[in-house]
């Protein structure tokens, strides 16, 4: 079965540079979520999109922005990178289904490992 | 605000035996979803099992089952016949029907002894 695709898988940047992470959801999934996981930590929700509109916002820094495109893929743009932004960035997707169905489950991609030097 | 607590930072079990991982949560909502995710050393986040709060029946997936106690706000994961491939970090997560994000516990590292 098709899974969530994230690119790149690894990324090394210098402080104050910018980075763009891409996420391609599972086909027919219309909702995308972004999470940040620091070393030894649980994931922290950043932002989500449903049908190309922002649906929920978490602890996303102002330096970060994201959007979902007409083909449902999403991009997370990160500017003025800081050392503390080094983390594993997950994208997840789900179809927005009716209550009780399996569609509420979020399926995760392999993640993008970002290292800021 | 909802919170999720996993009080066991690390658990170990002998291969082929059974282990139970604990999770408690705090919420004022009556309808919600609970999940267990597994994160092996590859750091891929893999869904193990899910439970809808309005269902009284405990979810099962092969060797994995949950003990969902709604009144006690407890959601433990039982792994039967533990295998070496079960070694991973296990996260308990909560989702409200009114928003999109998952709220995570701190995780339990499961070690399988051969």
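The values are calculated or read from the model by the stated rules, or taken from the named source; none is laboratory data. Computed from a predicted model, the values in this text were never measured in an experiment. Note that we place each Cβ from the backbone using ideal geometry, even for glycine, and neighbour counts take in every protein chain shown.
Quick check on my filter: what residues within the stretch B:1-33 are in contact with a helix residue (DSSP H, G or I) (Cβ under 8 Å, 6 or more places away or on another chain) and outside any loop (DSSP other than H, G, I, E, B)?
If the condition is that a residue be in contact with a helix residue (DSSP H, G or I) (Cβ under 8 Å, 6 or more places away or on another chain) and outside any loop (DSSP other than H, G, I, E, B), then B:33 is the only one that fits.
If you check residue A:67 against the conditions, is it buried (at least 16 other Cβ atoms within 10 Å of the Cβ) and either in contact with a strand residue (DSSP E or B) (Cβ under 7 Å, 6 or more places away or on another chain) or within 28 Å of residue B:108 (Cβ to Cβ) (or both)? Let's see the steps before the verdict.
Numbers: buried (at least 16 other Cβ atoms within 10 Å of the Cβ): no; either in contact with a strand residue (DSSP E or B) (Cβ under 7 Å, 6 or more places away or on another chain) or within 28 Å of residue B:108 (Cβ to Cβ) (or both): yes.
In short, no.
Do we find that residue B:107 is modelled with pLDDT of 95 or more, within 8 Å of chain A (Cβ to nearest Cβ) and within 17 Å of residue B:13 (Cβ to Cβ) in this structure?
Details: modelled with pLDDT of 95 or more: yes; within 8 Å of chain A (Cβ to nearest Cβ): yes; within 17 Å of residue B:13 (Cβ to Cβ): yes.
Taking the combined requirement at face value, the residue satisfies it.
From the list B:82, B:65, B:98, which one is modelled with pLDDT under 95 and more than 20 Å from residue B:5 (Cβ to Cβ)? Spell out how you get there, then give the answer.
Working: B:82 fails: modelled with pLDDT under 95; B:65 fails: modelled with pLDDT under 95.
Within the list B:82, B:65, B:98, the selection yields B:98.
Mind counting the residues in the stretch B:73-101 that are surrounded by fewer than 22 Cβ atoms within 10 Å (Cβ to Cβ), within 14 Å of another protein chain (Cβ to nearest Cβ) and within 15 Å of the chain's Cα centre (by Cα)?
So the count comes out to 2.
For residue A:106, state whether it is modelled with pLDDT under 95, over 13 Å from the mean Cα position of the chain (by Cα), under 30 Å from residue B:9 (Cα atoms) and within 13 Å of chain B (Cβ to nearest Cβ). Spell out the reasoning first.
Working: modelled with pLDDT under 95: yes; over 13 Å from the mean Cα position of the chain (by Cα): no; under 30 Å from residue B:9 (Cα atoms): yes; within 13 Å of chain B (Cβ to nearest Cβ): yes.
For residue A:106, the condition - modelled with pLDDT under 95, over 13 Å from the mean Cα position of the chain (by Cα), under 30 Å from residue B:9 (Cα atoms) and within 13 Å of chain B (Cβ to nearest Cβ) - is not met.
Which of (1) free of Cβ contacts under 8 Å to residues at least 24 places away in the same chain; (2) within 12 Å of another protein chain (Cβ to nearest Cβ) does residue B:56 not meet, given it meets every other one?
(2)
Here's the yes/no breakdown for (1) more than 9 Å from every other protein chain (Cβ to nearest Cβ); (2) part of a strand (DSSP E or B); (3) buried (at least 17 other Cβ atoms within 10 Å of the Cβ); (4) at pLDDT 95 or above:
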site	(1), (2), (3), (4)
A:26	yes, no, yes, no
A:29	yes, no, yes, no
A:42	no, no, yes, no
A:55	no, yes, yes, no
A:72	yes, no, yes, no
A:80	yes, no, no, yes
A:97	yes, no, no, no
A:100	no, no, no, no
